[in-house]
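Trainee: So that we are looking at the same thing, I have put the structure below in structure tokens.
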């Protein structure tokens, strides 16, 4: 691990220490690392359109709204190449929270998320994107028949 020093004015340092305490960090280093990761991730997401990512799209909707649940499901099936899994939770008699796990090119994931959130009746849409490096693996796992390997992707989050 590399060490470096930064200088802060007293007010900024005090405010930062308050934030650290409020969020439960054990030290400034952990908080700085998280801030840096967040800023680096934001910069990555404005990079190449072909960059690959994993993401979580969450939103709330009223399941009584005319054909909305069906439209959302159709959108997901229409993008089955991006959709990994969906978690559906009932909030009350009318409202549902869904969380959709996605993977694919950043531009495609963002376009899909935009289409989902733009559906009339969808509220509180939020997309969290994590850039990943993709490794095309071809090796056997312990449960595969002896000597058999199959190609598959390994997605490694960027630091």
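The values are calculated or read from the model by the stated rules, or taken from the named source; none is laboratory data. The structure displayed is predicted, hence computed values, not measured ones. Cβ atoms come from the backbone with ideal geometry, glycine included; neighbour counts cover every protein chain shown.
Trainee: Taking residue 38 and the conditions (1) modelled with pLDDT of 85 or more; (2) under 28 Å from residue 97 (Cα atoms); (3) not assigned by TED's automatic domain parsing to the domain that holds residue 126, which numbered condition does it fall short on, given that it satisfies the others?
Mentor: All conditions pass for residue 38, except number (1).
Every residue, every condition in (1) in contact with a strand residue (DSSP E or B) (Cβ under 7 Å, 6 or more places away or on another chain); (2) more than 30 Å from residue 38 (Cα to Cα), yes or no:
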site	(1), (2)
60	yes, no
78	no, yes
86	yes, no
111	no, no
116	yes, no
131	yes, no
134	yes, no
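Trainee: If you don't mind, there's one more thing I want to ask. Is it true that residue 150 is surrounded by 12 or more Cβ atoms within 10 Å (Cβ to Cβ) and in contact with a strand residue (DSSP E or B) (Cβ under 9 Å, 6 or more places away or on another chain)? Steps first, please.
Mentor: Working: surrounded by 12 or more Cβ atoms within 10 Å (Cβ to Cβ): no; in contact with a strand residue (DSSP E or B) (Cβ under 9 Å, 6 or more places away or on another chain): yes.
For residue 150, the condition - surrounded by 12 or more Cβ atoms within 10 Å (Cβ to Cβ) and in contact with a strand residue (DSSP E or B) (Cβ under 9 Å, 6 or more places away or on another chain) - is not met.
To keep it simple, each residue is scored yes or no on (1) touching a helix residue (DSSP H, G or I) at 6+ places or on another chain (Cβ under 8 Å); (2) surrounded by 13 or more Cβ atoms within 10 Å (Cβ to Cβ); (3) more than 29 Å from residue 158 (Cα to Cα).
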site: 58; (1), (2), (3): no, yes, no
site: 61; (1), (2), (3): yes, yes, yes
site: 65; (1), (2), (3): no, yes, yes
site: 69; (1), (2), (3): no, yes, yes
site: 86; (1), (2), (3): yes, yes, no
site: 94; (1), (2), (3): no, no, yes
site: 99; (1), (2), (3): no, yes, no
site: 102; (1), (2), (3): yes, yes, no
site: 113; (1), (2), (3): no, yes, no
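Trainee: Here's a follow-up. Determine, yes or no, whether residue 131 is in contact (Cβ under 8 Å) with a residue 40 or more places away in the chain, in the same structural domain as residue 86 (by TED's automatic domain parsing) and in contact with a helix residue (DSSP H, G or I) (Cβ under 6 Å, 6 or more places away or on another chain).
Mentor: Criteria met by residue 131.
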